[in-house]
Structure formats: C-alpha cells, structure tokens
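Taking it in order: structure first as structure tokens, then the write-up.
The values are calculated or read from the model by the stated rules, or taken from the named source; none is laboratory data. Being a predicted model, the structure only gives us computed values, none of them experimental. We place every Cβ from the backbone using ideal geometry, glycine too, and count neighbours over all the protein chains shown.
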Amino acid sequence: MAAMFLLGCLDQLLFGASPTVYCVLFLPVCVLTALWVRGGDVLTAPVVLPIAFAVGLLPVAESGGGLLGRAMGLVTVLATQAGWLYGGTLVAGVIVLARRVLWVRARRHQ
C-alpha cells in the first residue's frame, strides 16, 4: 500500500495526476507483489492489491473540494480505470496460483 501511495504521489508530481500513468505503474507492482510475497501468504496478494490500488489513488484522484469531492474523485477514477485494476489483479492471481501449485508439488515430492 505504501508503494502504491508513493507511486500516486510521484504521478501527481511528475505527470499531473494522470490516472493512466498510475494504472500502468500498477501492473509491475502487481507482478512484483505476486513474486515477492512469502510462500505462506501467497494467496493474500490478489486481495491486498485492489486495496493498495485504491490507497494509491488518493493523491491521483481529482477532488472537487472537501471530503465528498475527494470521495467522488476516487470513485470516478475507480470506475473509469477498473480494467487496469482487474487486469493487474488477474495477473497477480495467475502468478500466485502458479506459485502455489509449484509449492504443493514440491511438498508432495519430499
């Protein structure tokens, strides 16, 4: 979550809070998270990634002012960029399932 928040802040500073840039940066984070998570926690990666995506959108989402404006900006970006969110989560899910299958096979052969 911290990495996505920092990427959101970086996107805001360098690219003027471009949701597309943020979403493109989300994909490598998904892959790295799925590869780096501990073996025992491998199935939690696809659950944590959408939460991290939403947290990182806080600096990217345009706000109309106040708490309700920020919430509307967040919901709007989540709705318009859902394909990136689903795609990144799917990539992470496939990677962690492959890791889990390999881990189970390795344990059976011991």
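Values as computed for the structure displayed
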{"quantity": "Only listed residue being out of contact with any Lys or Arg (no Cβ under 8 Å at 6 or more places or on another chain) and touching a residue at least 12 places away in the same chain (Cβ under 8 Å), chosen from PHE15, PHE26", "calculated": "PHE26"}
{"quantity": "Residues (in a helix (DSSP H, G or I) and surrounded by 14 or more Cβ atoms within 10 Å (Cβ to Cβ)) located in segment 16-30", "calculated": "PRO19, VAL21, TYR22, CYS23, LEU25, PHE26, LEU27, VAL29, CYS30"}
{"quantity": "Flag if GLY83 is modelled with pLDDT of 90 or more, surrounded by 13 or more Cβ atoms within 10 Å (Cβ to Cβ) and either touching a Cys at 6+ places or on another chain (Cβ under 6 Å) or not aromatic (Phe, Trp, Tyr) (or both)", "calculated": "no"}
{"quantity": "Condition met for LEU102 (exposed (fewer than 13 other Cβ atoms within 10 Å of the Cβ) and part of a helix (DSSP H, G or I))", "calculated": "yes"}
{"quantity": "Filter result for the condition that a residue is small (Gly, Ala, Ser), closer than 25 Å to VAL21 by Cβ, outside any helix (DSSP H, G or I) and free of Cβ contacts under 8 Å to residues at least 12 places away in the same chain, over GLY69, GLY64, GLY83", "calculated": "GLY64"}
{"quantity": "Exclusive hit being surrounded by 17 or more Cβ atoms within 10 Å (Cβ to Cβ) and more than 12 Å from LEU85 (Cβ to Cβ), set ALA2, ALA45, ALA52", "calculated": "ALA45"}
{"quantity": "Criterion violated by TRP36 - all others in (1) surrounded by fewer than 13 Cβ atoms within 10 Å (Cβ to Cβ); (2) within 9 Å of the chain's Cα centre (by Cα); (3) aromatic (Phe, Trp, Tyr) satisfied", "calculated": "(2)"}
